[in-house]
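Presented below is the structure to which this report refers.
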Amino acid sequence: MASEPAPQTAGAAAGAGAGTMIAARFFDGRSSQPLPCLLRLLPAATRGGVALQIHALPLAAQGDSATRAPTAPLRAFTARQIEWPDAGETRIAVIRFADGSQAQTLEPAMLAHALRAAGYRAPGLHALAHTMAGSWRALLAGVAVCATLSVAVWLYGVPAAARVITEVMPTRWEGELADRTLQTLDASWLSPSKLGAERQVQIRADFSALLGQAGGVAPPYTLVFRTLRPRPGQSADGGGGANAFALPGGLLVMTDELVARGEPGALLGVLAHELGHVRHRHATRVAVEGALLGAAVAVISGDITSVAATLPVALATLSFSRRHELEADCFALHTLARAGQSAEPLARLLDTIAGRHREGMADVLSSHPSTAARVQLLRDPAAAAKACRA
């Protein structure tokens, strides 16, 4: 039975360098039987390259491999024929050769030392890995760079990619996604509306008239009503159910609780705001962003099949960015102004909801951050004009 390579002593490791003999096992690629051997590393003609010779080691040989007299080399490999192991291997290092053979050594630290002494320069990203493995400062710098790049991709790369994908996405897909999302919400948070049919018709007619007075081309939309499903320990007047939100494809949802709390002008302002989300396809962009991030996680975890199935759930818990909210507010202000309507009723409604808000649908949809800043914008035409031009 083949013997394991003899472990190196501290003295041997300290003397490691170009020409150092390192105990190893050689596999020729044709037999599973390893050949105990010694590895000699030699500087190659190419810059940063290291050649390697394999010397036979008698099975009965004893003592430190670094002090053994080598036999004539059994095999010799040029720098181009060798794939050196990555940095950081702490138990066993595997050296692979172009002909399918390989050598294994239990002395990765000594091998790394010998490579440096022979002038080895790892190619491409391997060089970075070797540098980081040999310096805690380089490792910390690498971690900082990776963290910075991850944040940059999260803040800028993913939104930019989502914007491009959304522009080419067929609107039919948005309608299907909206239907599935509403089904998810109906199964968990929402119940059929208890508003009278006449009240629903009146709100739809008022909003249609507002858009007609504003002129321009409004995106297609469908307005539906729901009521918040009661939750244990929450009163009917808890305030959390007063909300409206936009789903992809122009599906607007307004809760009975919001209708009960808002005056007619405020409800029209809310719907104009939500139609602004439709106009800019914010919900679709947020859903695509979630899918992109989910796909990245799925690729890493190996479960790519879960991405499409979780889209409706992800969309049901969406959170629009401040930029999205500003764009929707600007659309609402522009629509109200062109129709000769004031934004003050909407500002008062937001003030009321912010003052009485408790956990509920608004937490789930999380669709309107920084309410105080939005109210201030609605009440300050000069600030609104400046923000909407930016």
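Any idea which of ALA109, ALA147 is assigned to a helix (DSSP H, G or I), over 30 Å from LEU35 (Cβ atoms) and at pLDDT 80 or above?
Just a single option satisfies the conditions, and that option is ALA147.
Show the residue pairs that are 6+ apart or on different chains and have beta-carbon atoms under 6 Å apart, the first residue being within segment 193-207 and closer than 14 Å to ASP256 by Cβ and in a helix (DSSP H, G or I), the second being open to solvent by less than 40 Å² (accessible area, probe 1.4 Å) and hydrophobic (A, V, I, L, M, F, W, C).
Sorted first by the residue in segment 193-207, then by its partner, the pairs are GLN200/PHE225.
Mind checking which residues of segment 158-192 are farther than 15 Å from ALA291 by Cβ and assigned to a loop (DSSP other than H, G, I, E, B)?
Scanning segment 158-192 gives PRO170, ALA187, SER188, TRP189.
Conditions: (1) in contact with a helix residue (DSSP H, G or I) (Cβ under 6 Å, 6 or more places away or on another chain); (2) modelled with pLDDT of 75 or more. VAL224 meets all but one. Number of the miss?
(1)
When you scan segment 241-350 for helices (runs of 4 or more DSSP H) that lie fully inside it, which ones turn up with 2 or more residues that are at pLDDT 90 or above and surrounded by 18 or more Cβ atoms within 10 Å (Cβ to Cβ)?
By residue number, 256-261, 264-279, 322-338.
Run down THR166, THR171 and say which single residue is in contact with a Ser or Thr (Cβ under 7 Å, 6 or more places away or on another chain), polar (S, T, N, Q) and either open to solvent by less than 90 Å² (accessible area, probe 1.4 Å) or in contact (Cβ under 8 Å) with a residue 60 or more places away in the chain (or both).
Within the list THR166, THR171, the selection yields THR166.
Can you tell me which residue among ALA122, ALA127, ALA114, ALA103 is hydrophobic (A, V, I, L, M, F, W, C), in a loop (DSSP other than H, G, I, E, B) and either within 22 Å of ALA45 (Cβ to Cβ) or modelled with pLDDT under 80 (or both)?
Selected residue: ALA122, the only one of ALA122, ALA127, ALA114, ALA103 that is hydrophobic (A, V, I, L, M, F, W, C), in a loop (DSSP other than H, G, I, E, B) and either within 22 Å of ALA45 (Cβ to Cβ) or modelled with pLDDT under 80 (or both).
Restricting to segment 1-60, count the residues that are exposed (fewer than 14 other Cβ atoms within 10 Å of the Cβ), among the small types (Gly, Ala, Ser) and modelled with pLDDT of 80 or more.
Summing the residues that are exposed (fewer than 14 other Cβ atoms within 10 Å of the Cβ), among the small types (Gly, Ala, Ser) and modelled with pLDDT of 80 or more in segment 1-60 gives 3.
The values are calculated or read from the model by the stated rules, or taken from the named source; none is laboratory data. For clarity, every value in this text was computed on a predicted model and none was experimentally measured. Note: ideal-geometry Cβ built from the backbone for every residue, glycine included; neighbour counts use all protein chains shown. Heavy atoms of the whole protein, side chains included, go into the accessibility calculation; ligands, DNA and RNA do not. Shrake-Rupley method; radii C 1.70, N 1.55, O 1.52, S 1.80 Å.
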